[in-house]
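I have placed the structure first, in the form of C-alpha coordinates, so that the comments after it can refer back to it.
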Amino acid sequence: MIEGLALLSGGVAAGLFGSLLGLGGGILIVPLLTVLVGLTPAHAAERIGVPRVEPEADAGPIQENLDIRYYEGKDRQTLDVFSPRNAHNRPVVFFVH
(Lines give C-alpha, C1' and ligand atoms only; values in the text may rest on other atoms or scores of the structure.)
Protein backbone atom coordinates (compact mmCIF):
# COMPACT_ATOMS: atom_id res chain seq x y z
CA MET A 1 0.00 0.00 0.00
CA ILE A 2 2.76 2.44 0.93
CA GLU A 3 4.73 1.47 -2.18
CA GLY A 4 1.67 2.15 -4.33
CA LEU A 5 1.16 5.58 -2.77
CA ALA A 6 4.84 6.38 -3.23
CA LEU A 7 4.64 5.40 -6.90
CA LEU A 8 1.47 7.42 -7.41
CA SER A 9 2.91 10.53 -5.77
CA GLY A 10 6.17 10.04 -7.66
CA GLY A 11 4.26 9.82 -10.93
CA VAL A 12 2.35 13.01 -10.17
CA ALA A 13 5.56 14.81 -9.17
CA ALA A 14 7.35 13.56 -12.30
CA GLY A 15 4.47 14.75 -14.46
CA LEU A 16 4.49 18.15 -12.80
CA PHE A 17 8.26 18.64 -12.98
CA GLY A 18 8.43 17.16 -16.46
CA SER A 19 5.84 19.59 -17.78
CA LEU A 20 7.43 22.58 -16.05
CA LEU A 21 11.00 21.78 -17.04
CA GLY A 22 10.36 20.20 -20.43
CA LEU A 23 11.83 16.85 -19.38
CA GLY A 24 10.60 13.51 -20.58
CA GLY A 25 8.98 11.20 -18.08
CA GLY A 26 11.74 8.64 -18.46
CA ILE A 27 14.28 10.93 -16.84
CA LEU A 28 12.24 11.06 -13.65
CA ILE A 29 10.22 7.83 -13.66
CA VAL A 30 13.01 5.34 -14.41
CA PRO A 31 15.07 6.29 -11.32
CA LEU A 32 11.88 6.19 -9.26
CA LEU A 33 11.13 2.65 -10.42
CA THR A 34 14.69 1.49 -9.85
CA VAL A 35 14.86 2.87 -6.30
CA LEU A 36 11.36 2.11 -5.02
CA VAL A 37 10.46 -1.08 -6.87
CA GLY A 38 13.95 -2.48 -7.40
CA LEU A 39 13.74 -2.86 -11.17
CA THR A 40 16.83 -2.69 -13.30
CA PRO A 41 17.02 0.44 -15.47
CA ALA A 42 16.38 -1.61 -18.63
CA HIS A 43 13.22 -3.20 -17.18
CA ALA A 44 12.01 0.15 -15.83
CA ALA A 45 12.46 1.73 -19.27
CA GLU A 46 10.49 -1.11 -20.87
CA ARG A 47 7.66 -0.66 -18.36
CA ILE A 48 7.13 3.01 -19.22
CA GLY A 49 7.53 2.51 -22.97
CA VAL A 50 10.88 4.15 -23.68
CA PRO A 51 11.79 3.17 -27.24
CA ARG A 52 14.86 0.99 -27.50
CA VAL A 53 17.42 1.92 -30.11
CA GLU A 54 18.91 -1.17 -31.67
CA PRO A 55 22.00 -0.99 -33.88
CA GLU A 56 21.50 -2.12 -37.44
CA ALA A 57 22.82 -5.62 -37.97
CA ASP A 58 23.61 -5.00 -41.64
CA ALA A 59 25.70 -1.87 -41.14
CA GLY A 60 28.53 -3.48 -43.08
CA PRO A 61 32.23 -2.75 -42.96
CA ILE A 62 33.54 0.60 -41.80
CA GLN A 63 35.59 2.77 -44.12
CA GLU A 64 38.43 4.60 -42.36
CA ASN A 65 39.89 7.78 -43.83
CA LEU A 66 42.80 8.73 -41.60
CA ASP A 67 44.88 11.91 -41.28
CA ILE A 68 42.89 14.07 -43.70
CA ARG A 69 44.39 17.54 -43.71
CA TYR A 70 41.81 20.29 -43.42
CA TYR A 71 44.34 23.15 -43.28
CA GLU A 72 47.65 23.30 -45.11
CA GLY A 73 49.43 25.35 -42.42
CA LYS A 74 50.34 22.85 -39.70
CA ASP A 75 50.84 19.08 -39.60
CA ARG A 76 48.62 18.70 -36.55
CA GLN A 77 45.45 19.94 -38.24
CA THR A 78 44.10 16.66 -39.52
CA LEU A 79 41.02 14.55 -38.92
CA ASP A 80 39.97 10.91 -39.11
CA VAL A 81 36.59 9.95 -40.58
CA PHE A 82 34.87 6.61 -39.92
CA SER A 83 31.79 5.90 -42.04
CA PRO A 84 29.85 2.88 -43.34
CA ARG A 85 31.25 1.74 -46.66
CA ASN A 86 28.97 2.20 -49.70
CA ALA A 87 26.21 3.86 -47.66
CA HIS A 88 24.66 7.29 -47.95
CA ASN A 89 22.84 9.37 -45.34
CA ARG A 90 24.31 7.34 -42.47
CA PRO A 91 25.96 8.50 -39.26
CA VAL A 92 29.63 9.41 -39.47
CA VAL A 93 32.16 9.61 -36.64
CA PHE A 94 35.13 11.91 -36.95
CA PHE A 95 38.03 12.88 -34.71
CA VAL A 96 39.87 16.18 -35.05
CA HIS A 97 43.52 16.00 -33.99
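The values are calculated or read from the model by the stated rules, or taken from the named source; none is laboratory data. What you are looking at is a predicted structure, and each value in this text was computed from that prediction instead of being measured. As a convention, Cβ positions derive from the backbone with ideal geometry for all residues, glycine included, and neighbour counts pool all protein chains shown. Note: areas computed on protein heavy atoms with side chains; ligands, DNA, RNA excluded. Shrake-Rupley method; radii C 1.70, N 1.55, O 1.52, S 1.80 Å.
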> In region 75-97, what residues are open to solvent by less than 50 Å² (accessible area, probe 1.4 Å), polar (S, T, N, Q) and closer than 20 Å to PRO61 by Cα?
Replying inline: SER83
> Yes or no: GLU72 of a type outside the set (S, T, N, Q), modelled with pLDDT of 70 or more and open to solvent by 100 Å² or more (accessible area, probe 1.4 Å)?
Replying inline: yes
> Quick one: how many residues across region 23-51 are modelled with pLDDT under 65 and either of a type in the set (A, V, I, L, M) or not in a helix (DSSP H, G or I) (or both)?
Replying inline: 3
>> Checking GLY60 against (1) closer than 30 Å to PHE95 by Cα; (2) surrounded by 10 or more Cβ atoms within 10 Å (Cβ to Cβ); (3) modelled with pLDDT of 75 or more, only one condition comes out false. Which one?
In response: (3)
